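What follows is one structure encoded as structure tokens, with my remarks underneath.
The values are calculated or read from the model by the stated rules, or taken from the named source; none is laboratory data. Just so it is clear, the model here is predicted, and its values are computed rather than measured. In this analysis, Cβ positions are derived from the backbone assuming ideal geometry, glycine residues included, and neighbour counts consider all displayed protein chains.
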Amino acid sequence: MSAVGLVVALTGGIGSGKTTVADRLAELGAGVIDTDEISRALTAHDGAALEPITAAFGPDIRLADGTLDRARLRRIVFSDPTARARLESILHPLIEAAMLERLAALETDYAVLVIPLLFETGQDRHADRVLVVDVPEAVQIARVMQRSGLSESEVRRIIDSQIPRRERNTRADDLIDNSGTCVDLEPRLQELHAIYTRIAARR
Ligand code: ATP
């Protein structure tokens with residue numbers, strides 16, 4: 001098992017600010033493990049998920065240079081729930097195993113596991129505490145549209161595929177309101193860092 005004193009799972013809806021929060025907690029001293037980054041590595045050239053994905057979706061899911069045709073895969077899984085479930089059944093166990101391996105190697109006081117679909121995938125079982133980054137839906141939509149160029153209806157579709165905001169917030173041990181500026185976030189992040197460091201030291 002991990003040497004860290006406390007495992008915090010960090011989640012939130014698309015574009016809520018998970019990466020922004022995780023990056024700052026890392027600067028303060030947390031050991032951060034980002035499951036999106038693990039997912040990208042698994043599906044990159046030479047990634048362990050590439051062969052099983054090709055076996056499941058056919059050779060056309062690879063581009064001429066052998067890399068994954070991410071746009072094609074995204075189109076397929078967004079229009080077909082069975083295909084989405086198949087992709088998730090390949091990726092999620094691999095992501096979870098890599099995350100736990102990295103967690104076991106951490107030597108920080110506490111760990112932050114960034115898991116976008118935390119409750120949807122039942123991975124909250126790996127955490128001692130759940131930290132949720134929260135923003136109103138209008139802010140979420142504006143930030144994602146600005147960053148990605150997706151349309152409002154595309155962003156809404158993704159939001160609707162995730163756990164409802166109210167339920168996510170209810171299941172949080174700690175909540176961060178990210179509706180203000182990044183500067184506004186700082187006192188709350190300092191506070192949480194101090195709390196997590198203190199809890200970790202007691203264990
Ligand atoms: P995703 O779910 O897509 O991985 P995320 O939850 O990790 O997103 P971030 O990438 O941290 O969210 O933030 C989403 C976008 O909003 C980014 O472009 C980020 O720079 C911006 N952003 C985050 N927090 C704030 C803030 N407080 N004020 C203004 N912009 C912000």
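Out of segment 162-190, which residues are more than 18 Å from the chain's Cα centre (by Cα), assigned to a loop (DSSP other than H, G, I, E, B) and either in contact (Cβ under 8 Å) with a residue 12 or more places away in the chain or surrounded by 13 or more Cβ atoms within 10 Å (Cβ to Cβ) (or both)?
Matches in segment 162-190: Ser179 only.
Pick from Gly58, Gly66: which is surrounded by fewer than 18 Cβ atoms within 10 Å (Cβ to Cβ) and either at pLDDT 95 or above or in contact with a helix residue (DSSP H, G or I) (Cβ under 7 Å, 6 or more places away or on another chain) (or both)?
Checking each option against the conditions leaves just Gly58.
Which condition breaks for Arg74 when tested against (1) surrounded by fewer than 13 Cβ atoms within 10 Å (Cβ to Cβ); (2) away from the ligand (no atom under 16 Å from the Cβ)?
Condition not satisfied by Arg74: (2).
What pairs come up if the first residue lies in segment 24-48 and is closer than 17 Å to Ala127 by Cβ, the second is charged (D, E, K, R) and in a helix (DSSP H, G or I), and their beta carbons are under 8 Å apart, counting only those six or more places apart or on different chains?
What qualifies is Val32/Asp23; Ile33/Arg102; Ile38/Arg102.
Can you find, within segment 102-159, the residue that is nearest to the ligand (Cβ to nearest atom) among those that are part of a loop (DSSP other than H, G, I, E, B) and of a type in the set (A, V, I, L, M)?
Val135
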